[in-house]
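*Asks:* I'd like to ask some things about the structure below.
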Amino acid sequence: AELLAASGAKPSSGAGKPAPAAPAAKPAASIAFGEGAFAPGQSVLRPAGNAQVARIAAAASGKFVRIEAYASDGGGAKANLALSQRRAQAIREALVAAGVPAKRIVAVGAGANSGVARGAVASFTEH
């Protein structure tokens with residue numbers, strides 16, 4: 001305050017107030033595949049799943065895509081993880097066939113997860 005008085009400057013109206021917080025990062029947009037994307041116990045996309053692939057491919061322009069695929073709660077943990085990985089890979093292959101660059105796609109099988117809609121979720125980020 002003494003320096004301000006000596007310089008003749010007036011304190012700003014925000015003196016003593018904390019700086020405003022940086023804006024929160026924008027959450028990634030996502031598109032969910034419903035249970036109908038795959039037949040039970042299978043990793044081949046059904047027509048409903050192919051329709052979602054087309055939506056994802058259209059939304060993925062210039063973005064990175066993360067695919068997380070899931071299996072149902074039935075079966076053992078090891079089998080569910082393997083099935084979810086095959087489902088994630090099937091979606092990845094379909095996206096590449098639809099023109100999404102392979103280097104922009106990460107496909108992850110997450111096993112059985114009762115807290116998440118069955119099928120898969122595609123999320124998008126800028127980097």
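*Asks:* Given the residues ALA32, ALA58, which is the only one that is of a type in the set (A, V, I, L, M, F, W, C), open to solvent by 40 Å² or more (accessible area, probe 1.4 Å), modelled with pLDDT under 85 and not in a loop (DSSP other than H, G, I, E, B)? Quick ask: steps written out before the conclusion?
*Replies:* Details: ALA58 fails: modelled with pLDDT under 85.
From the options ALA32, ALA58, the qualifying one is ALA32.
*Asks:* Regarding the stretch 77-99, can at least one residue be identified that is exposed (fewer than 12 other Cβ atoms within 10 Å of the Cβ), under 21 Å from GLU126 (Cβ atoms) and at pLDDT 90 or above?
*Replies:* Yes.
*Asks:* Next question, about the same structure. Which of the following residues is crowded, with 16+ Cβ neighbours inside 10 Å, at pLDDT below 90, aromatic (Phe, Trp, Tyr) and over 16 Å from the mean Cα position of the chain (by Cα): PHE38, PHE124? Break it down stepwise before answering.
*Replies:* Values: PHE124 fails: over 16 Å from the mean Cα position of the chain (by Cα).
Step by step, each of PHE38, PHE124 is checked, and only PHE38 is crowded, with 16+ Cβ neighbours inside 10 Å, at pLDDT below 90, aromatic (Phe, Trp, Tyr) and over 16 Å from the mean Cα position of the chain (by Cα).
The values are calculated or read from the model by the stated rules, or taken from the named source; none is laboratory data. Since we're looking at a predicted model, the values are computed, not measured. Heads up, the Cβs are rebuilt from the backbone with ideal geometry, glycines too, and the neighbour counts pull from every protein chain shown. Please note that ligands, DNA and RNA were not included when accessible areas were found on the heavy atoms of the full protein model with its side chains. Shrake-Rupley method; radii C 1.70, N 1.55, O 1.52, S 1.80 Å.
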